[in-house]
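What follows is a set of notes on a single structure, which appears directly below.
The values are calculated or read from the model by the stated rules, or taken from the named source; none is laboratory data. Here the structure is a predicted model, which is why all the values come from computation and not from measurement. In this analysis, Cβ positions are derived from the backbone assuming ideal geometry, glycine residues included, and neighbour counts consider all displayed protein chains. Protein only, heavy atoms only, side chains kept; ligands, DNA and RNA dropped before computing areas. Shrake-Rupley method; radii C 1.70, N 1.55, O 1.52, S 1.80 Å.
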Amino acid sequence: MRILFTGAAALALFAAIPAQAQDAGPVLSDPAGVASMAHDATRYPLFAGELAKMRKSVDAAMKAGIDVPVPRDPGGGRTHEQHKRNYMALYGAGLLYRITGDKAYADYARRMLLEYARLYPTLGPHPAASNEAAGRLFWQSLNDSVWLVYAVQGYDAIRATLSPQDRQTIDDNVFRRMAAFLSTGSPQVFDLIHNHATWACAGVGMTGYVLRDRALIDMALKGRDGSGKTGFLRQIGLLFSPDGYYTEGPYYQRYALQPFVVFAQAIQANEPARHIFQYRDNVLLKAVRTTIQLSYDGYFFPLNDAMRDKSLNTDELYSAVAIGYAATSDPGFLSIAERQKRTTLTPEGLLLARDLAAGKAKPFPYGSALFRDGPDGDQGGLSVMRSTADDDASVLVAKNSAMGMGHGHFDKLHWIFYDNGNAVVTDYGAARFLNVESKDGGRYLKENESWAKQTVAHNTLVVDETSNFGGKWKVGQTLAPKQLYFSGDQPTKVSTAEMAGAWPGVRYRRTLVMLPIEGAKQPLVVDLLRVVGDKPATYDLPLHYDGQITDIGFAVTSNTAERPVLGKANGYQHIWVDATGTPAPGGATLTWLLGGRFYTYRMLTPPGAQVILGESGANDPRFNLRREPMLIERARGAKDATFVNVLEPHGSYDPAAETTTGSNSRITGLTHVRGSDADLVTIALTKGRSVVLAIADSADAAASHHLTVEGRSIDWKGHFARIDSGTAK
């Protein structure tokens with residue numbers, strides 16, 4: 001047997017109050033709510049359906065027999081997946097026992113936990129551990145924390161059914177040992193302000209409530225030393241902005257949300273005087289709503305280290321929506337649950353199912369909003385601009401947020417765009433095959449560092465073929481964009497942000513506008529990016545898009561005999577160059593077809609700039625990267641440069657009917673004028689119409705501005721104005 005821990009602090013965690021002298025009943029849920037579940041389990045369709053799913057799953061696990069293997073494999077491997085199945089079976093068996101009263105479920109959980117009580121004390125660091133903090137059951141300790149969060153809920157439900165001897169054995173050899181390992185045994189994780197530590201704190205704190213161990217509870221809430229500089233409360237204080245935005249981005253917000261809300265629910269059940277859901281102005285409840293807002297057509301915006309296929313249909317959100325509804329009675333949550341067709345077998349899930357069956361659901365209020373980043377809301381943010389309140393409307397997202405810690409990407413002032421059910425202007429997300437054993441055990445691939453995180457893999461400025469902050473995220477963590485202006489409550493929606501310090505001596509500002517046009521079903525996206533440097537440089541502005549090119553509106557030289565690679569490092573080594581061209585002074589266009597709709601990207605590049613048409617996937621011998629198209633506007637040898645671009649959705653193509661309509665752009669010209677303190681962008685449309693966008697340097701709403709363009713005077717007040725055919729709107 002290996003000795004897992006040394007030192008008085010670790011050994012003290014094994015000192016338990018004799019279990020047989022304690023009340024062993026469930027503590028993680030309200031007893032009255034548990035009784036309601038038993039009484040009304042089949043009364044409401046959503047809850048009854050969840051009960052049937054859980055019974056089917058746990059009954060199959062019971063039939064297969066108990067399998068508690070010695071850990072061996074990384075993510076996706078047999079032992080890894082078996083321990084995942086086991087914690088879900090323990091969780092489910094406990095809930096089923098409380099709802100049905102069938103002691104077979106409690107006995108199954110008891111027998112499995114006794115097997116873990118035999119195995120766990122013999123385990124050292126996981127043999128497949130790599131560059132992550134090693135777990136015992138899994139290759140990284142994060143997965144051990146997840147195991148504990150789920151398993152302790154199942155254990156709480158059946159603990160009172162055990163003999164004093166079995167209870168003591170399981171308390172001491174499974175839960176107390178695991179809580180010790182994840183806290184005092186793993187200070188390098190437990191002391192972090194990070195989602196790994198949140199899962200650990202939740203597991204340790206919930207174990208403390210179940211074992212009636214105040215020391216574990218206090219350590220989870222206020223850190224190992226009790227100072228409050230780390231621990232769960234500090235994590236709530238630092239990881240969320242006042243708007244409920246989680247600093248690692250939407251994908252990790254979804255993942256981290258579960259331990260936050262599940263542990264908070266346990267705190268509420270045991271210590272209601274803490275008013276945990278009111279902590280920091282209800283920030284956890286704001287976070288549930290914000291998580292849902294940061295999605296399109298049910299899928300989360302794939303920013304930072306994100307998987308594109310993660311949606312609202314995920315275990316973490318089932319818990320969060322049920323708990324959020326129980327705490328707020330917000331009928332918008334009911335419509336999300338209706339869409340998910342799932343809930344949790346908890347009192348909160350029963351309440352949600354009851355009110356959904358009673359017809360109380362109302363559409364979730366998707367909207368345009370600025371979601372500030374940073375604990376004080378002063379580290380930039382995400383500007384989300386929706387054309388309508390529907391969740392599948394056109395959506396423009398300006399990513400002006402902070403670094404996002406180690407999972408952040410070097411993509412300051414980046415943007416993505418959705419339309420017609422598709423990601424049109426895209427984000428690569430993470431280079432990873434989650435839990436696919438053949439792909440590095442499901443870990444992040446090396447291409448996550450060499451491509452997915454690099455600035456050129458995003459839709460934002462690149463200077464001299466290098467990435468933000470020299471590719472050092474800890475440097476990036478000290479610098480954030482400034483969100484200078486946001487307007488989302490009018491038909492024309494605007495976001496302006498500025499970044500300094502991403503490269504030495506370089507400052508750049510970007511305004512993105514969602515611009516509705518009379519007679520057009522979809523809005524335009526107008527992009528004005530102005531960069532000021534202290535020395536001549538090469539400025540690249542990539543655009544990553546999805547679709548098949550249908551028209552190139554400028555002369556290009558195509559590489560047909562060979563496929564050169566654009567560069568040697570910082571992501572450029574992964575770009576194949578398919579064609580290059582130099583736009584005429586009046587600009588250039590590229591049109592592509594996606595999902596039955598045409599998209600024309602109109603570029604007004606700096607003088608002498610080149611356009612590169614390329615694709616990701618070069619220098620990828622293991623085929624780890626997706627092959628995705630891009631274009632790059634490249635300006636060489638200037639200290640300052642301005643890029644003006646317009647994305648226009650238009651027309652339709654019906655392959656079944658073999659019909660095409662509106663395949664040509666309705667924009668006839670694009671011009672830009674820079675004044676002393678403002679920019680004017682003029683979009684000429686068919687039928688003699690035009691739209692002028694006036695964008696001042698100042699964000700002062702009271703400041704007056706004036707510019708003259710071709711003898712025409714333009715006057716406006718504030719940061720932004722729109723003038724249609726000479727009429728202000």
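Assorted remarks:
- Meets criteria (closer than 24 Å to Met37 by Cβ and among the acidic types (Asp, Glu)) for Asp73: no
- The set of residues in segment 412-430 being farther than 24 Å from Asn195 by Cα and either outside any strand (DSSP E or B) or open to solvent by 10 Å² or more (accessible area, probe 1.4 Å) (or both) consists of Leu413, Tyr418, Asn420, Gly421, Asn422, Ala423, Thr426.
- Candidate set: segment 182-207, residues that are over 21 Å from Thr247 (Cβ atoms) and in contact (Cβ under 8 Å) with a residue 60 or more places away in the chain; chosen: the one surrounded by the most Cβ atoms within 10 Å (Cβ to Cβ): Met206
- Single residue of segment 15-56 satisfying the filter (among the hydrophobic types (A, V, I, L, M, F, W, C) and more than 24 Å from Thr161 (Cβ to Cβ)) that is modelled with the lowest pLDDT: Ala15
- Scanning segment 710-723 for residues that are assigned to a strand (DSSP E or B) and either aromatic (Phe, Trp, Tyr) or surrounded by 15 or more Cβ atoms within 10 Å (Cβ to Cβ) (or both) turns up Ile714, Trp716, Phe720, Ala721, Arg722, Ile723.
- Qualifying residue in segment 404-415 (condition: under 14 Å from the mean Cα position of the chain (by Cα), modelled with pLDDT of 95 or more and closer than 17 Å to Gln293 by Cβ): no
- Among the residues of segment 324-352, those identified as part of a helix (DSSP H, G or I), more than 23 Å from Tyr299 (Cα to Cα) and not polar (S, T, N, Q) are Ala326, Ala327, Pro347, Glu348, Leu350, Leu351.
- Cβ pairs under 9 Å, 6+ apart, first in segment 17-42 and closer than 21 Å to Val262 by Cβ, second modelled with pLDDT under 85 and part of a helix (DSSP H, G or I): Gly25/Pro31
To keep it simple, each residue is scored yes or no on (1) farther than 19 Å from Asn304 by Cβ; (2) surrounded by fewer than 24 Cβ atoms within 10 Å (Cβ to Cβ).
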site: Gly359; (1), (2): yes, yes
site: Ser368; (1), (2): yes, yes
site: Asp373; (1), (2): no, no
site: Gln379; (1), (2): no, yes
site: Ala389; (1), (2): yes, yes
site: Ser401; (1), (2): no, no
site: Met405; (1), (2): no, yes
site: Phe410; (1), (2): no, no
site: Phe433; (1), (2): no, yes
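- The C-beta contact set for segment 44-66 (first residue over 22 Å from Ala358 (Cα atoms), second residue open to solvent by 30 Å² or more (accessible area, probe 1.4 Å) and of a type in the set (D, E, K, R), distance under 8 angstrom, 6+ apart or interchain) comprises Ala61/Arg85; Ile66/Arg111; Ile66/Glu115.
- Restricting attention to segment 473-529 and to residues that are hydroxyl-bearing (Ser, Thr, Tyr) and either in contact with a Pro (Cβ under 6 Å, 6 or more places away or on another chain) or open to solvent by 40 Å² or more (accessible area, probe 1.4 Å) (or both), the residue that is nearest to Val646 (Cα to Cα) turns out to be Tyr485.
- Entry remark, segment 269-297: residues being without any contact (Cβ under 8 Å) to a residue 40 or more places away in the chain and among the charged types (D, E, K, R) number 3 in total.
- Considering segment 193-230, the residues that are over 26 Å from the mean Cα position of the chain (by Cα) and of a type in the set (S, T, N, Q) include one that is nearest to Ile158 (Cα to Cα), namely Thr207.
- Applying the criterion of being part of a strand (DSSP E or B) and open to solvent by less than 40 Å² (accessible area, probe 1.4 Å) to the residues of segment 538-569, the residue that is farthest from Val506 (Cα to Cα) is Tyr545.
- Among the conditions (1) part of a loop (DSSP other than H, G, I, E, B); (2) under 25 Å from Val526 (Cβ atoms), Arg507 misses just one, which is (1).
- Answer from Ala694, Ala684 - the residue that is part of a strand (DSSP E or B) and either closer than 25 Å to Leu484 by Cβ or within 36 Å of the chain's Cα centre (by Cα) (or both): Ala694
- Arg636, sole failed condition from (1) within 25 Å of Lys453 (Cα to Cα); (2) open to solvent by 10 Å² or more (accessible area, probe 1.4 Å); (3) touching a His at 6+ places or on another chain (Cβ under 9 Å); (4) of a type outside the set (Phe, Trp, Tyr): (3)
- Selection count where residues are in contact (Cβ under 8 Å) with a residue 60 or more places away in the chain, assigned to a loop (DSSP other than H, G, I, E, B) and in contact with a helix residue (DSSP H, G or I) (Cβ under 8 Å, 6 or more places away or on another chain), scope segment 588-626: 3
- Within segment 134-166, the set of residues being in contact with a Leu (Cβ under 8 Å, 6 or more places away or on another chain) and in a loop (DSSP other than H, G, I, E, B) comprises Gly135, Arg136, Leu137.
- Among residues of segment 354-374, those that are among the aliphatic types (A, V, I, L, M) and touching a Pro at 6+ places or on another chain (Cβ under 7 Å), counted: 2
- Selection from segment 435-467 of residues that are buried (at least 19 other Cβ atoms within 10 Å of the Cβ) and polar (S, T, N, Q): Asn448, Ser450, Gln454, Thr455, Asn459, Thr460, Thr466, Ser467
- Output for segment 52-81, where each listed residue is under 28 Å from the mean Cα position of the chain (by Cα), farther than 13 Å from Leu137 by Cα and crowded, with 18+ Cβ neighbours inside 10 Å: Met54, Gly76
- Of all residues in segment 36-47, those being open to solvent by less than 60 Å² (accessible area, probe 1.4 Å), of a type outside the set (Ser, Thr, Tyr) and not in a loop (DSSP other than H, G, I, E, B) number 5.
- Any chance Gly92 is part of a helix (DSSP H, G or I), touching a residue at least 60 places away in the same chain (Cβ under 8 Å) and within 24 Å of Val210 (Cβ to Cβ): yes
- Total residues in segment 106-162, condition over 28 Å from Leu96 (Cβ atoms), buried (at least 22 other Cβ atoms within 10 Å of the Cβ) and either touching a strand residue (DSSP E or B) at 6+ places or on another chain (Cβ under 8 Å) or β-branched (Val, Ile, Thr) (or both): 0
- Residue ID - farthest from Thr668 (Cα to Cα), chosen from residues in segment 607-618 that are more than 28 Å from the chain's Cα centre (by Cα) and open to solvent by 10 Å² or more (accessible area, probe 1.4 Å): Leu613
- Leading residue by the ranking (nearest to Gly637 (Cα to Cα)) among those in segment 437-478 that are in a loop (DSSP other than H, G, I, E, B) and touching a helix residue (DSSP H, G or I) at 6+ places or on another chain (Cβ under 6 Å): Glu465
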